[in-house]
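For reference, the structure discussed in these notes is given below.
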Amino acid sequence: MSESVVIVGGGVIGLSCAHYLRDMGYAVTVIDRNTIGGGCSHANCGYIAPSHVLPLTEPGMVGMAIRSMFKRDSPFKVKPRLSLSLMRFMLGFARRCNHRDMLAGGRALQPLLEASMASYKELVQYPQIQCEWNPNGMLYVFGSNRALDHFGQIDALITREFGTAAAPIDASGLTQMEPALRDGLAGGYFYDCDATLRADRLNSSWRAWLEERGVTFIERCQMSELIREGDRLRAIHTSSGELAADQFVFAIGARSADIAAQLRCRIPVQPGKGYSITMDRPDPCPTHSMLFPESRVGVTPYQGAYRLGSMMEFVGFDESIAPHRISLLRLGVEPYLKAPHMPHEHEQWFGFRPMTPDTLPIIGPVPRCPNGYLATGHNMIGLTLAPVTGRLIAEMISGSQTVVDPTPYSVDRF
Ligand SMILES: Cc1cc2nc3c(=O)[nH]c(=O)nc-3n(C[C@H](O)[C@H](O)[C@H](O)COP(=O)(O)OP(=O)(O)OC[C@H]3O[C@@H](n4cnc5c(N)ncnc54)[C@H](O)[C@@H]3O)c2cc1C
């Protein structure tokens, strides 16, 4: 009989773990406290972005974060509250906002980004995966020369240190390349290494395919407690009863800190809330996915839909959607696009990103627990890093050679 694995958490990370574990012949069950693919993996911006090699811990981020706390319209927000874990998170983040740590973070991230993109290219060849895969790159667009020049320095750094080069686009080239843009913008940078997909379609088609391949999914099934036998995990208590297995993978995203005490390790994951709105396609509709770093809003065109997404709020698990925050998404694209948005919305959405203080994911064994694994902390690039995460987890559980060295992603670093 094949070894059994229970995966707790049915976001894109849990789905990917299920895929690669099933490939290796494991009997896989995925449980989720809500619906499969209904958490942070649902309506994100859909960027598969090897260009995002620099971690968020840039020099100057702390000043930016402090200034933005006093601006009502800032895409960044921290709700002041007495929380030791949030304070430790913020201090850990601030400590790493320097050139040396930023480059070290990028070096740790790059092999993951490259391996994940390679795995996506294989995955999307399967007809069962229906996700509007669009390998046409990503355009960064700037309205002011100051912001364009500043990004030019970042691009030069990324090219020098990581070999990920973008094509600079001047003002006239910009509207030729992307007719949906307004005239008079300063310029842009085009990363042809990037792609986009529609996350909700990826999740639903992946789930259906995995079900066909024998993976069991249990929704509305919340894990509450771990049951140990010595160091090993024997089973988990859930709202649907006890589930025993040979191996356990915890892919519960922003909720990961909830199980830290039970796993007897530090998991400093904080929820970083972001929003998106999906609407009818405007006319003209962008042909490229674009980022507008000055307003920090991104747009993604889909077949029959169009999405705006952004924001980073440290407000705990506040599940409200303030109209004021949603309107910032619309305002954020107005300076750039001829037809920036449409009145008819398909969906207003928020998701809690699983943020770590060094902005690297946590992928690997639970310390001193031979059959428990963590796959979490993917910050702003969990969709991008899903395939490589699933592969790494399957390789670690089966004791195979890993596609990249997993040492930098160990939870032991905290
Ligand atoms: C606005 C926005 C835009 C984004 N854009 C991009 C992008 O363009 N590209 C990119 O790469 N990333 C993007 N991201 C980030 C990306 O969405 C996340 O990193 C990724 O979805 C995390 O996946 P996950 O599977 O870890 O978490 P989730 O999708 O949140 O899945 C975790 C699951 O665990 C379940 N769970 C939690 N606790 C329990 C429990 N006790 N028992 C059972 N189940 C439990 C939850 O219900 C949930 O379904 C974006 C995020 C946001 C908010």
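Which numbered condition trips up Gly163, out of (1) on the phi > 0 side of the Ramachandran plot; (2) touching a residue at least 24 places away in the same chain (Cβ under 8 Å)?
(2)
Sort out which residues of region 79-137 are under 17 Å from the mean Cα position of the chain (by Cα) and of a type outside the set (Gly, Ala, Ser), and write them in order of number.
Matches in region 79-137: Leu109, Gln110, Pro111, Leu112, Leu113, Glu114, Met117, Tyr120, Cys131, Trp133.
Only one of these is of a type outside the set (A, V, I, L, M, F, W, C) and either out of contact with any Cys (no Cβ under 8 Å at 6 or more places or on another chain) or farther than 25 Å from Gly105 by Cα (or both): Gly351, Gly304, Gly253. Name it. Please lay out each step first, then the result.
Values: Gly351 fails: either out of contact with any Cys (no Cβ under 8 Å at 6 or more places or on another chain) or farther than 25 Å from Gly105 by Cα (or both); Gly253 fails: either out of contact with any Cys (no Cβ under 8 Å at 6 or more places or on another chain) or farther than 25 Å from Gly105 by Cα (or both).
None of the other options fit; the residue is Gly304.
Give region 173-186 a look and list any residue that's in contact with a Leu (Cβ under 9 Å, 6 or more places away or on another chain), over 13 Å from Pro335 (Cα atoms) and of a type outside the set (A, V, I, L, M), or say none.
Thr175, Glu178
Only one of Ala245, Ala305, Ala260, Ala195 is free of Cβ contacts under 8 Å to residues at least 24 places away in the same chain and more than 9 Å from the ligand (Cβ to nearest atom). Can you tell me which?
Working: Ala245 fails: free of Cβ contacts under 8 Å to residues at least 24 places away in the same chain; Ala305 fails: free of Cβ contacts under 8 Å to residues at least 24 places away in the same chain; Ala195 fails: free of Cβ contacts under 8 Å to residues at least 24 places away in the same chain.
Answer to the selection: Ala260.
I'd like to know if region 383-399 contains one or more residues that are at pLDDT below 95, away from the ligand (no atom under 16 Å from the Cβ) and in a helix (DSSP H, G or I).
If we filter region 383-399 for residues that are at pLDDT below 95, which is where we start, we get none.
No: region 383-399 contains no residue that is at pLDDT below 95, away from the ligand (no atom under 16 Å from the Cβ) and in a helix (DSSP H, G or I).
Can you tell me which residue within region 211-254, out of those that are part of a loop (DSSP other than H, G, I, E, B) and among the aliphatic types (A, V, I, L, M), is farthest from Leu15 (Cα to Cα)? Let's see the steps before the verdict.
Filtering region 211-254 down to residues part of a loop (DSSP other than H, G, I, E, B) leaves 213-215, 219-222, 230-231, 239-240, 245-246, 251-252.
Cutting the leftovers down to among the aliphatic types (A, V, I, L, M) gives us 215, 245, 251-252.
Values: Val215: 10, Ala245: 18, Ala251: 9, Ile252: 11 Å.
Filtering region 211-254 for residues that are part of a loop (DSSP other than H, G, I, E, B) and among the aliphatic types (A, V, I, L, M), the one farthest from Leu15 (Cα to Cα) comes out as Ala245.
So in region 15-38, with the set limited to residues that are buried (at least 20 other Cβ atoms within 10 Å of the Cβ) and over 16 Å from Thr216 (Cβ atoms), which one is farthest from the ligand (Cβ to nearest atom)?
Tyr20
Return yes when Asp258 is among the acidic types (Asp, Glu), over 30 Å from Pro179 (Cβ atoms) and assigned to a helix (DSSP H, G or I) and no when it is not. Explain how you work it out, then say what you get.
Working: among the acidic types (Asp, Glu): yes; over 30 Å from Pro179 (Cβ atoms): yes; assigned to a helix (DSSP H, G or I): yes.
Yes.
Considering only strands (runs of 3 or more DSSP E) fully contained in region 1-85, which possess at least 2 residues that are in contact (Cβ under 8 Å) with a residue 12 or more places away in the chain and under 28 Å from Ser320 (Cβ atoms)?
On the way: elements: 4-8, 27-31, 76-78.
The qualifying strands (runs of 3 or more DSSP E) are 76-78.
With the checklist (1) within 13 Å of the ligand (Cβ to nearest atom); (2) under 30 Å from Arg81 (Cβ atoms); (3) surrounded by 22 or more Cβ atoms within 10 Å (Cβ to Cβ) in hand, flag the one item Ser289 doesn't pass.
Of the numbered conditions (1) within 13 Å of the ligand (Cβ to nearest atom); (2) under 30 Å from Arg81 (Cβ atoms); (3) surrounded by 22 or more Cβ atoms within 10 Å (Cβ to Cβ), the odd one out for Ser289 is (2).
The values are calculated or read from the model by the stated rules, or taken from the named source; none is laboratory data. Please read these numbers as outputs of a predicted model, since none were measured by experiment. Cβ sites come from the backbone with ideal geometry, for glycine too, and all protein chains shown count toward neighbours.
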